[in-house]
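Below is one structure; the comments refer to it alone.
The values are calculated or read from the model by the stated rules, or taken from the named source; none is laboratory data. Everything numeric in this text was worked out from a predicted model, so none of it was measured. Methodologically, a virtual Cβ is constructed for each residue, glycine included, from the backbone with ideal geometry; neighbour enumeration extends over all protein chains shown.
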Amino acid sequence: MKNKLSILIGALSIASAVGVKAQTAVTDPVGYITVTVNGSASGLSFIAPTLVNKVEFAGATSTTTGTTINFAGTPLTAGAYGPGFYVEVSSGGVPGAWSTIASNTANSIITTTDISTGLAAGATVRIRKHVTVGDFFGATNTAGLKSGDELGKADEVRVLDAVTKKITKIFFYDDGSTKGWFDEDFNDATNVGIPPQQGIFIVRKLAAPLSFVRVGSVKTGPTALPVQPGLNVMAVTRAVGSSFTLGNSELKTTTGGVQSGDESGKADLVRVAQASGALKNYFFYDDGSTKGWYDEDFNEATNVQLKEGTSFVLLRRPATGFVWYVPAEPIAP
C-alpha cells in the first residue's frame, strides 16, 4: 500500500460501521495492495492478505477472567461472534494480542486462548472478522487463479498449520456448471479463515504470473503473532513494504525473538522469496561482539524488505516458540 494520503481511499467511522452498540468511536484507514503470484517457472509464491477486515465492535472491558472478557451493560448481540471472528487488544493489557472467538453473550466474549494478561477494567478491545479465502481471492475467483475440475489442473493455495505441520490444499473448482473454492477433499473452502499470522503459498500451474488487488482496512496498532517450533509461514502484516525491513521488524529484540548464532546453521532462519521465486536465508548474527542481520553468505541484510502482500518462511530451531510483536503501522499525515 502506498503510504500517501491520496492513496488511502477513505476512512471508516467505526461508530457508524458497528452501530450504536459500539462503546468507543475509532477510525480505520482503508487502502489497497497489489499481490503478485509468480508464474510456474519461478517457483512458489509466498503471499498474505496484509490488510484486514473492518472493526465490527470496539469497546472497553469491565472485568476479564481467563478466556472470558466482560463488558458493562449489554453492548453485544448474543451469538453474533464465533470462530469466524477474533478479538484483539487495542489498549491496556498486551496491545496487539488477539484470539479467535469461541462464542459471545450480550455482555461477554469467550476466547479460544487466554489473552487476559493486564486486561484490567478500561482496557479496550476490537472485534474483526477473520479474512477468508473468499475475501482474499474473491468468492468467484476475481483474483484470477487458474481453475479446474480437480486439484491437479488448478493453481493450488496451500496453507501450513504451524502447530500440526499439516498442509491444506485449496483450489477454485470449475466444471463448467459448478464453481467455488474447495479443498483437496472437495469440502467447501470459501469461508476458511486466514488468521492474522498466517501466510500462504501458491503453486501456480501456468507460466504467466498474475497480480490482483486486495482492498481492506489498515490495522494501525501492533500485532502479536505466534511463532511455533519448526516451520512457519508468517504473514507480513504491515502495509508499507518499502519501510518495513528485517532491521526494524522486531523479529529480534534485546529480550527475545528469533534465536541468533554465529552461523546460519545455529540460528533461526528467515527465508524470504526473491524475484526469481527462490528462497534466500537470513539470520541474526551474534558472535558475542558483532550483532546484526546477515544472509547465509554473510552479506549485511538490515535493510532487506519484508514486502506488503507477502509472507516468509521462518524456521524456528528451539523446541519452544515465541511471540513476534509486529510494530504498529505508520500512517502518512
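Checking segment 77-84 against the condition returns no match, with no residue being in contact with a Gly (Cβ under 8 Å, 6 or more places away or on another chain) and either free of Cβ contacts under 8 Å to residues at least 60 places away in the same chain or hydroxyl-bearing (Ser, Thr, Tyr) (or both). THR142 meets all of the listed conditions (1) over 15 Å from the mean Cα position of the chain (by Cα); (2) without any contact (Cβ under 8 Å) to a residue 60 or more places away in the chain but one, namely (2).
Is at least one residue of segment 274-281 crowded, with 19+ Cβ neighbours inside 10 Å and not assigned by TED's automatic domain parsing to the domain that holds TYR86? Taking every residue of segment 274-281 in turn, none turns out to be crowded, with 19+ Cβ neighbours inside 10 Å and not assigned by TED's automatic domain parsing to the domain that holds TYR86. Tell me, yes or no, whether segment 308-330 has at least one residue that is free of Cβ contacts under 8 Å to residues at least 24 places away in the same chain and either more than 20 Å from the chain's Cα centre (by Cα) or assigned to a loop (DSSP other than H, G, I, E, B) (or both). Within segment 308-330, none of the residues are free of Cβ contacts under 8 Å to residues at least 24 places away in the same chain and either more than 20 Å from the chain's Cα centre (by Cα) or assigned to a loop (DSSP other than H, G, I, E, B) (or both). Tell me, please, whether a residue that is part of a strand (DSSP E or B), among the charged types (D, E, K, R), outside the structural domain of THR77 (by TED's automatic domain parsing) and at pLDDT 95 or above can be found in segment 140-163. Yes, segment 140-163 contains at least one residue that is part of a strand (DSSP E or B), among the charged types (D, E, K, R), outside the structural domain of THR77 (by TED's automatic domain parsing) and at pLDDT 95 or above. In segment 56-65, the residue that is surrounded by the fewest Cβ atoms within 10 Å (Cβ to Cβ) out of those that are within 28 Å of ALA235 (Cβ to Cβ) and at pLDDT 95 or above is GLU56. With respect to SER116, determine if the residue is in a loop (DSSP other than H, G, I, E, B), in contact with a strand residue (DSSP E or B) (Cβ under 9 Å, 6 or more places away or on another chain), in contact (Cβ under 8 Å) with a residue 40 or more places away in the chain and buried (at least 17 other Cβ atoms within 10 Å of the Cβ). Considered against the rule, which asks whether it is in a loop (DSSP other than H, G, I, E, B), in contact with a strand residue (DSSP E or B) (Cβ under 9 Å, 6 or more places away or on another chain), in contact (Cβ under 8 Å) with a residue 40 or more places away in the chain and buried (at least 17 other Cβ atoms within 10 Å of the Cβ), SER116 comes out as yes. Of the residues examined, LEU231 is not one that is under 24 Å from GLU329 (Cβ atoms) and either buried (at least 16 other Cβ atoms within 10 Å of the Cβ) or not small (Gly, Ala, Ser) (or both).
Checked against (1) hydroxyl-bearing (Ser, Thr, Tyr); (2) in the same structural domain as GLU296 (by TED's automatic domain parsing); (3) surrounded by fewer than 18 Cβ atoms within 10 Å (Cβ to Cβ); (4) in contact with a strand residue (DSSP E or B) (Cβ under 7 Å, 6 or more places away or on another chain), TYR285 passes all but condition (3). Only one of the listed residues (SER91, SER62) is over 20 Å from PRO29 (Cβ atoms) and among the polar types (S, T, N, Q). That residue is SER62. Pairs meeting the criteria (first residue in segment 41-70 and farther than 30 Å from ALA143 by Cβ, second residue assigned to a loop (DSSP other than H, G, I, E, B) and of a type in the set (D, E, K, R), beta carbons under 9 Å, at least 6 apart or on different chains) are GLY59/LYS21; GLY66/ASP114; THR67/ASP114. Return a yes/no flag: does segment 52-65 have any residue that is within 18 Å of LYS219 (Cα to Cα) and touching a His at 6+ places or on another chain (Cβ under 7 Å). No, segment 52-65 contains no residue that is within 18 Å of LYS219 (Cα to Cα) and touching a His at 6+ places or on another chain (Cβ under 7 Å).
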